[in-house]
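Okay, structure first, notes after.
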Amino acid sequence: MLEHYLPRASSFAGDIDQLVWIIAWIVGVWFVVVEVMFFWLMFRFRKKPGVPARYITGKEKHLKNWINIPHNIILVLDVLLIVAAIRVWVLIKQTMPPADHTVKVMAQQWAWTFTDPGPDGKIDTPDDVRTTDEMHVEVNKTYHFVLESMDVAHSFFIPAFRLKQDADPGRAYTGWFKPTKTGTFDISCAEICGIAHGVMGAKLVVETTQEHTAWMQAHAADAATADAGASAPTDSTTAQPASQ
Amino acid sequence: MLQRAYAGLIAAAVISAFLASCSATPKTGIAHGEELFQNCKPCHGEAGHGNLELRTPAIAGLPDWYIIEQVTKFKGDLRGANPDDMEGHRMRPLARTLYHPGDIENVAAYVSKMPSQWMPPTFTKGDTAAGSVTFNGVCITCHMADGKGNKDLHSPPIAQQSDWYLVAQLNKFHRGWRGYSPEDVYGGQMRAMALTLADSTAMHNVIAYVKTLPH
């Protein structure tokens, strides 16, 4: 049902959804059972004329079972949840399948900058393709991403991938994803990062091999042209005043 | 009895608040612009005089046509979309928040009416004599002899602006971080002019001269 509202576009999106469902069912069913019991008990032992209220200590075994049995059931369900969560954690966070490509993601107030290694497959070379607020990836390829923040805490969130990773300045986070569905999906920031946090969005374009190759060639040519034309002065762009 | 009185009071308060919110008339024009300016304050300051630490320029008193042009460029990715333009990345999404018809015009009208302030020089380097030659040979054509700009040429006033901001913008034009889009005609013109400056020293010289213009 989740997929009906939010497409699953990565290899591990189904695992995340399954975990969400397990949690939702266990907690949901338990919530309903507890609330039904709660209100039934209130009704059953409501104030009645001629019946004095009495304090129940709960020492008797048949009364104590009202606590013990649910308690033990909750413990068993907790173990089930922990096992399910660890399984997904190991699959997504502790396992890094070999990468077909590596991309760099830089977060800053309030934009995303993506660096694709370009045709040579190496980052920080002249043919890198750098884009702002638009990320292009190839379907059915495993990507490693190196996520950094330039200023404050951000969170790289791709709902269709079921991927969310915090980014803090001074640290490079490595993760992975494998797109399984072509199309255009949302990227957003999931960590309050300032006044324009709410509009710090970007576009993820998952393409076929042919589409991605065409995009890459067009933009790698642009990158080479821009590089050749770069004749910037030596000062930093922000031009710190000498007296500061 | 007392409980009923409390419940009545709370119900009256809720209903009054709801009716008050329904009857509030949306502000228009400069009044609306003043409301929108609340989003500009965190970076550009209460008085719109900019903030060096955040690399935000002084905007108070800038002509409304220039503010409209620039905000529209930010909104349309004609400015601030270069991956290296860190300051532009901050302004661009905020420009996108002005999405109702009239928002940009209203906030521009308000900002243009704010008292302008001449920003004193912060750089110690810069040869004003050499800068004068550049200014009177290149910049004067559009920004005029007094540095007050020219609406017909879409050139903004620069005499009052912070020197660090002006040098930073020259750098951005030079690197192609601003004026990069073929659709940004006037930005492209400025980029061509910035490319006539050989190096950082030439930029500091011309801006040092700009700060000597009468204000």
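Taken together, the values in this text are just the output of simple stated rules run on the coordinates, not laboratory data. This one's a predicted model, so the numbers in the text were calculated from it and none came from an experiment. All Cβ positions, even for glycine, are placed from backbone atoms using ideal geometry, and neighbour counts span all protein chains on display.
Observations on the structure shown:
- Under Karplus coefficients 6.51, -1.76 and 1.60, residue-wise ³J(HN,Hα) of segment B:137-152 in Hz, glycine/proline x: x, 10, 5, 4, 4, 9, 8, 6, 5, 8, x, 8, x, 8, 4, 4
- Shown here are the Rg and Dmax of the Cα trace of segment A:101-228, at 14.0, 39 Å.
- Calculated [θ] (222 nm, deg cm²/dmol) that DSSP helices of n ≥ 4 give over chain A, each run adding -39,500 (n - 2.57): -12500 deg cm²/dmol
- Amide H to amide H distances under 5 Å link A:Leu147 with A:Val105, A:Tyr173, A:Thr174, A:Gly175, where only residues 5 or more positions off or on other chains count and H is placed in the peptide plane.
- Dimensions in Å of segment B:118-215 - Rg and Dmax from alpha carbons: 12.4, 37
- Relative contact order %, chain A, counting alpha carbon pairs below 8 Å whose residues are six or more apart: 20
- Overall, the ratio between the Cα radius of gyration of the protein assembly as shown and 2.2 N^0.38 Å, rounded to two decimals, is 1.33.
- Prolate/oblate/rounded label for segment A:2-94 (Cα gyration tensor, a/c 1.5): oblate
- Think of the protein assembly as shown as a dipole: +1 on every Lys or Arg Cβ, -1 on every Asp or Glu Cβ, centred on the Cα centre; then among B:Ser132, B:Pro83, A:Ile158, A:Ile158 lies furthest on the positive end.
- Unit charges on C-beta of K, R, D, E only; dipole of segment B:27-115, Debye: 80
- Radius of gyration and Dmax over the Cα atoms of chain B, both given in Å: 22.1, 87
- Ordering B:Asp84, B:Asp64 from the fewest to the most neighbouring beta carbons within 10 Å gives B:Asp84, B:Asp64.
- Dividing the summed helix terms, -39500 (n - 2.57) for each DSSP H run of n ≥ 4, by the number of residues in chain B produces a 222 nm estimate of -15500 deg cm²/dmol to the nearest 500.
- Residue-averaged beta-carbon neighbours from other chains (10 angstrom radius) around B:80-91: 6
- Think of segment A:2-94 as a dipole: +1 on every Lys or Arg Cβ, -1 on every Asp or Glu Cβ, centred on the Cα centre; then among A:Val79, A:Asn65, A:Tyr55, A:Tyr55 lies furthest on the positive end.
- For A:Trp110, the amide hydrogen comes within under 5 Å of the amide hydrogens of B:Arg90, counting only partners 5 or more places away or on other chains and with H modelled in the peptide plane.
- Global geometry of segment B:27-115, whether rounded, prolate or oblate, following the gyration tensor of its Cα atoms and the 1.5 cut on a/c: oblate
- FRET efficiency, B:His100 to A:Lys93 (Cβ-Cβ, R0 30 Å, nearest 0.05): 0.10
- Given charges at beta-carbon only (K, R positive; D, E negative), |dipole| of segment A:101-228 in Debye: 480
- Label-reachable residues, segment A:126-165, where backbone N falls under 18 Å from a point 7 Å from A:Gln210's Cα toward its Cβ: A:137-141
- Rounded to the nearest 20, the Cβ-based charge dipole of segment B:118-215 about its Cα centre (Lys and Arg +1, Asp and Glu -1) stands at 140 debye.
- Of B:Lys41/B:Lys151; B:Lys41/B:Lys211; A:Lys181/A:Lys203; A:Lys93/A:Lys178; A:Lys104/B:Lys73; B:Lys41/B:Lys113, pairs whose Cα-Cα distance is over 18 Å: B:Lys41/B:Lys151; B:Lys41/B:Lys211; A:Lys104/B:Lys73
- Footprinting exposure proxy for A:Trp30, B:Trp164 (fewest neighbouring C-beta atoms within 10 Å first): A:Trp30, B:Trp164
- Inter-part distance, segment A:137-214 to segment B:110-175, computed on C-alpha centroids, equals 39 Å.
- Residues whose placed amide H lies under 5 Å from that of A:His136, excluding near-sequence neighbours: A:Val205
- Whole-percent pair-distance distribution, where bins are 10 Å wide, for the alpha carbons of chain A: 6, 22, 25, 16, 11, 9, 6, 3, 1, 0
- Segment A:7-22 versus segment B:36-59: alpha-carbon centroid distance in Å: 43
- Label sites at B:Ala13 and B:Gln117, each approximated as a point 7 angstrom past Cα along Cα to Cβ, lie 4.1 nm apart.
- With contacts taken as Cα pairs under 8 Å and at least 6 residues apart, chain B reaches a relative contact order of 22 percent.
- Inter-chain Cβ neighbour count for B:162-174, averaged per residue, equals 4 (cutoff 10 Å, partner chain atoms only).
- Label-point separation, A:Val152 to A:Asp124 (7 Å along Cα→Cβ), nm: 2.8
- Pairwise FRET efficiency - A:Asp186 versus A:Lys141, Cβ, R0 = 22 Å, nearest 0.05: 0.60
- Virtual spin-label span in nm between A:Lys64 and A:Leu77, 7 Å along Cα→Cβ: 2.4
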